[in-house]
Amino acid sequence: MRNFNLKEKLYEHFGYLQFRQGQEEIIQQVLEGRDVLGILPTGVGKSLCFQLPSKLLSGSTVVVSPLISLMIDQVKQMKSAGFKSVVSLNSFMDHREKRVVLEHLDQYSLIYLSPEMLQNELVMYQLIKLHIDLFVIDEAHCISQWGHEFRTDYLKLSRSIEQVGNPPVLALSATATPEVQTDIKQQLVRPEMLSVVYPMDKVNMSFAVEETSSHEEKLERITQVLSHKKAPTMIYFSSRMWAERVSEELKTKVDQRIAFYHGGMEQMDRLLVQQQFMNDQLDVICCTSAFGMGVDKSNIRRVIHYHFPTELESFIQEIGRAGRDGKPCASLMLYTPGDYHLPQMFIQNELVKPEDVEGVLHSVYDIVYKQETELNDEEMSEELKLSETQWNFIKYQLEQEKLINHGPVIRDKHKWGQTTEKIQWILENRWKYKSRKLQEMVSWLHHPDCKRKKLYTPFQPDTRTPEVACCSNCGFRMEDMELDIEPYSATFTDWKSRLEKIFHQGAYHATD
DNA sequence: CTTAAGAGTCATCTGTCGTACCTTCAGCTTACACATT
């Protein structure tokens, strides 16, 4: 079975003559049945690493993806490229459609779903009946970044993999420190997983870090930078309010097309703004971390941070969206000493204090065993005076100990006491971990030497020599940025190339 | 000796927070069939 020539198969199914960096190695290993953790830089075509194997393997391939929009995009893309047996299971489907797909699940060779969907009994019942010979986790850093508190179903993946017959696992991501890689392997219970890691340092990006004293100064600086030259720019904020506010203020100061984007907006508005930015109908987007995953725009020239994120991993992901075309781009970080409070509040908001665990568990006990009607998550977190994420975490831990949601009532006081201690211990470690990550982020801001080296050293042993000016500590200033932008691309072209573009709209191109 | 101005200290108050999935249902919109003028 392994005798065929992979390059021939690549051409036959996708029409490409050559693999891109890392693809062939990963596919080879996957086809030989090995578990692989692939860390490939953005824009290399990670999805091909499972799309080609799914064509070559006889059974089904399951792909876990964090965002519905990502799944829908990929399915659409594959369908228009002529791959018919692709489907995604998600909450946007109506009940009839969902039932029909579930009943004929064996007809699909590539099945996309969310980690939450895997916890659905009916879905799992149907999956178990299939022969699954590849289990893929796309954007695998979510396991480590979201799994512990925010989306705990990400920590339940190993159990699901076991249930569907322990197929080979392929985990893919663009950014993962060795620490995160280890966490991913641990959570998947696959310590022997093969790591295929490629460098992620951006040789076409210059870095600038500037201390400011106030909002007004930040605004003034952003205005200067934007006015210097019109170019696709993202501005990252840690709060929805500030994203909206600065977006409005910039509109009065800069003659460019500016909009904001965050998770609190209506679905349609989000889609519209994203599409406009993608199509060069917007110059500047003021956004929170909601904007990013699956954004594949090649000509983003500047990423400005009005606030800094809670960890370097997030920062790297955010700047990773610029300069995918390989042309020069820059990152500008603006910070004010007071900015430290915001990320600190985020940590508090997702982690319960260890000394509060005992009280919380007592209340849970009372509620679960004395309440007649079952409370939903929203009511529970309100009743316990916890944030949604804090309750998520506690709930997951109690489920793991089988103290809730596992049938018969357990009134074993000793067991509850033990669990209290265990949760306290986990929380103490999470507090230490998150505080350390934030500390690393802050010390990067103040690092007196080369910012580039300091940034990438935790991710890879050697940092390559940049093709552009290095960083503000190596003499780079935002004003020096090379920006030879052709007037907005693709807007005015002759009818032949426009027709060609329309004709090829559905054509397959591998993305991340 | 009294009083006003200014400086320093303490207590109180104000401000305010991101990331996604799922389920289920109420309420709304849209398309369409049918009856009436």
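The table below gives the values:
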quantity	calculated
Residue that is farthest from DNA strand B (Cβ to nearest atom), among those in the range A:101-123 that are surrounded by 12 or more Cβ atoms within 10 Å (Cβ to Cβ) and in a helix (DSSP H, G or I)	A:Asp106
Failed criterion for A:Lys327 (all others in (1) within 10 Å of DNA strand B (Cβ to nearest atom); (2) surrounded by fewer than 21 Cβ atoms within 10 Å (Cβ to Cβ) hold)	(1)
Residues of the range A:219-249 that turn out to be within 9 Å of DNA strand B (Cβ to nearest atom) and surrounded by fewer than 16 Cβ atoms within 10 Å (Cβ to Cβ), as a count	2
Count - residues of the range A:283-322 that are touching a helix residue (DSSP H, G or I) at 6+ places or on another chain (Cβ under 9 Å) and within 15 Å of DNA strand B (Cβ to nearest atom)	24
Pairs, first in a helix (DSSP H, G or I) in the range A:12-26, second charged (D, E, K, R), C-beta under 9 Å, six or more apart	A:Glu12/A:Lys55; A:His13/A:Lys55; A:Phe14/A:Lys55; A:Gln23/A:Lys46; A:Glu24/A:Lys7; A:Ile26/A:Lys46
Test set (1) at pLDDT 95 or above; (2) surrounded by fewer than 17 Cβ atoms within 10 Å (Cβ to Cβ) - A:Asp484 fails condition number	(1)
Yes/no for A:Val352 being away from DNA strand B (no atom under 15 Å from the Cβ) and of a type in the set (Val, Ile, Thr)	no
Entirely in the range A:133-193, the helices (runs of 4 or more DSSP H) that have 3 or more residues that are more than 16 Å from DNA strand B (Cβ to nearest atom) and out of contact with any Ser or Thr (no Cβ under 7 Å at 6 or more places or on another chain)	A:157-163, A:178-187
Identity of the residue in the range A:250-282, more than 16 Å from DNA strand B (Cβ to nearest atom) and buried (at least 19 other Cβ atoms within 10 Å of the Cβ), that ends up farthest from A:Lys230 (Cα to Cα)	A:Leu250
Condition met for A:Val44 (of a type outside the set (Ser, Thr, Tyr), modelled with pLDDT of 95 or more and either assigned to a helix (DSSP H, G or I) or more than 13 Å from DNA strand B (Cβ to nearest atom) (or both))	no
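The values are calculated or read from the model by the stated rules, or taken from the named source; none is laboratory data. Note that this is a predicted model, so its numbers are computed, not measured. All Cβ positions, even for glycine, are placed from backbone atoms using ideal geometry, and neighbour counts span all protein chains on display.
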